[in-house]
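Step one of this worksheet: look at the structure below.
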Amino acid sequence: MAFEIIEDRAEHERSQRGRYVTRDSKGFHNVDRPEEWDYEPDPDESFSSDYEHIQRDLISITPSMFTEFAIKMPDKENQVFKPFSFAERRYLRQIYDTPNKRTLLKCGRQVEKSTMLGNKLLSYACIQTALNSLYVSPTNQQTKVFSQDRLKEPIETSEYLKTWTTTKLSDNVFLKKFINRSQITLRYAYLNADRCRGIPADVICLDELQDLLTDNIPVIEECASHSNIKIFMYSGTPKSLDNTIEYYWTTYSTQNEWAVPCHRHSIQTPGGAMTKQHWNILSEEHIGKESLICDRCENPIYANDDMAQWVSLNPNIIKQIPKPYEGYRIPQLMVPWVSHIDILQKQKTYSRPKFFNEVLGLSFDSGTRPLTRQDVIDNCDEHIRLDPDYQNKVKAFVGEAYPVYAGVDWGTGEKTYTVLTLGTYLRSGKFTIFYIHRFEGVETEPKVQMREIERIINEYKVRRAGCDYGGGFWPNDELTRIFGWQRVVKYQYSTPSEKVKWEDGLKRFLVHRTEVMSDVFNAIKRRDVFAFPNWEQFQIPFASDMLNIFSEYSEQLRMNVYKKSPNCTDDSFHSILLCFLASMLDQPRPDVIASMSQTGNRKS
Ligand SMILES: [Zn+2]
């Protein structure tokens, strides 16, 4: 298999011990020190007199040791609270104590993910003086539940944690303060991350990562920009293969898997008595009738085997990027409190995506892409060519009889690009995209780009240009100044009551993003609405932009939303959509976008 087992685990753990963040009377070790905090005793707080005493007794402690010491777990059978134990959760210790500052947990449901995040946040807050942590989940409700169940309750049930805080300090749902001046701020960010802006943080904990919008993550990470510590803990349950969590997992993480040995395959190595186990990375093929089984011999294996351990399936990531995420996958198969019978039951009753996501902790591609490659290929016309000869012929006859419409999706030249599209109705009756161009390299320069767009609009006698409002104030104003507001029409994605709605006050159209994108996808699938340039020239990057779009159900909005895979572009699709919308001002297509018949006429 493609991973290495460190044979002497005990030796390895001894050698790792020096890497843990520890603390003694001389201060912290193995951690970038935070900025010096000027300690000012607060007369209101009784702890101040203890402070010197505490400093004398500083001890080395890891988050897992602190958790065992301070955190109590409810024992429902015996109706008592017992100290948190790693005995049955041996796999958790490394995740609690890793010195790596970036961790990514890809978890099934019910694997104590939230408990772990809560315990780590509490441990960090208590161990480290004046540490600011920021917890973010997608919704208000999720954040409140986390605050109540994973922070408030552990504090109230632990006589030790209670000494780190007071009711006065910790009563606020969105802010937990500790007497050592550490604090945990809690926020939520679904559609926008505005509530997180400007909160200084040393530790950023993003929960339910799969439901956060990719574009919001950098905004939240910005909160740690002034910290010397910068710890990032991301976690969630996987969804589709396009989801953010899968993207971070495959692109930036060590992809650690819990390797379970089967001892029946010992091999005598030539040099001596060394034997090797067969290692199993837990997946559906390991679900036997009565227990987990080895994928080679189909005999029982045990997830809590003494030799079971974390292995990295992507060890070379360290050579590729300087600060990879330490990624851990935790499926239900390895946690002791989910019974094998339950797993068999879920295998029968859950849908395939749900079983993969929630039980196996794996992403599942459930075919959520609105367009297939074949859909796009079937719209391509081999006669439509992007090279100069063909384009010169087109220029000669378009204009009066064949009014030309343009679509402009503005981009920055980094991860998004400006794409200019021209279309008209040809004799075939199809709306024909005969020109499409992506501005790259020197053309990403705003002034160069603007001159080029101006030239194209003039040469092809464009009647109207539909522009993306979101991408550019300056370029939209500039185009309007040159061509006038009748020819330059701005569209903004939103969720208006109608699919496309003119907002007189705003002087632009609001476009219902999901509905209109759906309509255009359906039109492409019909194969009789559009004609695109020949496949060879259209394929990259234009067709691939269309194919990068996928849909995912949003629990928050209670509908499917279209997203693009992180690190991919989808600008060409939006450019074509804008071009089509602009054409509908003169030639409505109620068969494609129904409500356009009522809203196609713009008031001044
Ligand atoms: Zn075996």
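Against the longest alpha carbon principal axis of the chain, how many degrees, from 0 to 90 and to the nearest 10, is the axis of helix 388-397 turned?
Result, in degrees: 50.
For the charge dipole of the chain, defined by +1 on Lys and Arg C-beta atoms and -1 on Asp and Glu C-beta atoms about the Cα centroid, which residue among CYS223, PRO99, SER60 has the Cα displaced farthest towards the positive pole?
Of the candidates, CYS223 comes out farthest on the positive side.
Using Cα atoms only, what is the angle between the long axis of helix 446-459 and the major principal axis of the chain, expressed in degrees (0 to 90) to the nearest 10?
Result, in degrees: 30.
What does the helix-only formula give at 222 nm for the chain: each DSSP H stretch with n ≥ 4 adding -39500 (n - 2.57), the total divided by the residues, and the result rounded to the nearest 500 deg cm²/dmol?
Working: 22 runs with 174 residues, N = 604.
Calculated from helices alone, the mean residue ellipticity at 222 nm is -7500 deg cm²/dmol.
For the pairs LYS106/LYS348; LYS177/LYS346; LYS152/LYS348; LYS276/LYS346, note any where the Cα-Cα span goes beyond 32 Å. Walk me through the numbers before you get to the answer.
Working: LYS106/LYS348 23 Å; LYS177/LYS346 41 Å; LYS152/LYS348 37 Å; LYS276/LYS346 34 Å.
Correct reply: LYS177/LYS346; LYS152/LYS348; LYS276/LYS346.
Quick check on the chain: take the gyration tensor over C-alpha atoms, sort the square-rooted eigenvalues as a ≥ b ≥ c, and tell me if it's rounded (a/c under 1.5), prolate or oblate. Could you put the intermediate results ahead of the total?
Details: a/c = 2.44, a/b = 1.73, b/c = 1.41.
The shape class here is prolate.
Does region 373-599 come out rounded, prolate or oblate, given a ≥ b ≥ c as the square roots of the eigenvalues of its C-alpha gyration tensor, rounded meaning a/c under 1.5 and, failing that, prolate meaning a/b above b/c?
Working: a/c = 1.24, a/b = 1.14, b/c = 1.09.
Rounded, since a/c falls under 1.5.
What are the equivalent ellipsoid semi-axes of region 213-314, built from the alpha-carbon gyration tensor (square roots of five times its eigenvalues), in whole angstrom, biggest first? Walk me through the numbers before you get to the answer.
Details: eigenvalues 281, 68, 25 Å².
Computed over region 213-314, the values are 37, 18, 11 Å.
Once you have a ≥ b ≥ c as the square roots of the Cα gyration tensor eigenvalues for region 386-434, tell me rounded if a/c is under 1.5, and otherwise prolate or oblate according to whether a/b is larger than b/c.
Working: a/c = 2.71, a/b = 1.88, b/c = 1.44.
Prolate shape, in that a/c is at least 1.5 and a/b is the bigger ratio.
Looking at this model, which pairs from LYS289/LYS563; LYS120/LYS319; LYS101/LYS289; LYS113/LYS289; LYS501/LYS564; LYS101/LYS415 are more than 30 angstrom apart at the alpha-carbon?
In this structure, LYS289/LYS563; LYS101/LYS289 lie more than 30 Å apart at Cα.
Given 0.36 nm per residue, what is the gain on full extension from MET307 to THR349 after removing their alpha carbon distance, in nm? Walk me through the intermediate numbers first.
Values: separation 42, 0.36 × 42 = 15.12 nm, distance 3.29 nm.
The span from MET307 to THR349 would gain 11.8 nm if fully extended.
Please list the non-local residues whose amide H lies under 5 Å from the amide H of TYR425, H modeled 1.01 Å from N, same-chain partners needing a gap of 5 or more.
Excluding prolines and chain starts, which carry no amide H, the hits are THR432.
Which of ALA401, ASN280, GLN486 sits closest to the plus end of the dipole of the chain, meaning its Cα is farthest towards the positive end, when Lys and Arg get +1 and Asp and Glu get -1 on the C-beta?
Farthest along the dipole direction, towards plus: ALA401.
Please list, ordered by chain and number, the residues whose modelled amide H lies under 5 Å from the amide H of LEU371; skip anything fewer than 5 residues away on the same chain.
Long-range HN contacts for LEU371: none found.
Calculate the length of the line joining the C-alpha centroid of region 137-159 to that of region 371-411, in whole Å.
What the calculation gives is 56 Å, centre to centre.
So, R0 is 41 Å and r is the distance between the beta-carbons of MET450 and ARG427; what FRET efficiency does that work out to, to 0.05? Mind showing how you got there, number by number?
Details: r = 33 Å, r/R0 = 0.82.
After rounding to 0.05, the efficiency reads 0.75.
Kirkwood hydrodynamic radius, computed over distinct alpha-carbon pairs, for region 185-233: how many Å, to one decimal?
Details: mean 1/r = 0.0917 Å⁻¹.
Hydrodynamic radius (Kirkwood, Cα only) of region 185-233 equals 10.9 Å.
Treating only the Cβ of Lys, Arg, Asp and Glu as charged (+1, +1, -1, -1), what charge dipole size does region 452-551 show about its Cα centre? Round to the nearest 20 debye. All intermediate terms of the calculation are to be shown ahead of the outcome.
Details: 15 positive and 14 negative charges, 62 e Å.
So the magnitude is around 300 debye.
Multiplying the sequence separation of SER544 and MET559 by 0.36 nm and subtracting their Cα-Cα distance, what value in nm do you get? Can you show the working numbers first?
On the way: separation 15, 0.36 × 15 = 5.40 nm, distance 2.49 nm.
Full extension of this stretch gives 2.9 nm more.
So what J values fall out for region 524-537 if you push phi through Karplus, 6.51 cos²θ - 1.76 cosθ + 1.60 with θ = phi - 60°, rounded to Hz, Gly and Pro as x?
The phi angles translate into 5, 5, 5, 6, 10, 9, 10, 10, 10, x, 3, 4, 4, 8 Hz.
At q = 0.12, 0.18, 0.22 Å⁻¹, what log₁₀ I(q)/I(0) does region 74-160 have when each alpha carbon counts as one equal point scatterer in the Debye sum?
Scattering profile of region 74-160, log10 relative to I(0): -0.42, -0.99, -1.49.
What's the angle, to the nearest 10 degrees (0 to 90), between helix 340-349's Cα axis and the longest principal axis of the chain?
10
Please give me, ordered by residue number, the GluC sites (Glu not before Pro) of region 408-450 that lie in loop per DSSP and have at most 12 other Cβ atoms within 10 Å. Mind dumping the intermediate values first?
Values: sites: GLU414, GLU440, GLU443; in loops: GLU414, GLU440.
For GluC sites (Glu not before Pro) across region 408-450 that sit outside H, G, I, E and B with at most 12 neighbouring Cβ atoms in 10 Å, the list reads GLU414, GLU440.
Just so you know, all these numbers are worked out from the coordinates, no wet-lab data involved. Since the structure is predicted, the reported quantities are computational estimates derived from the model, not experimental observations. Cβ sites come from the backbone with ideal geometry, for glycine too, and all protein chains shown count toward neighbours.
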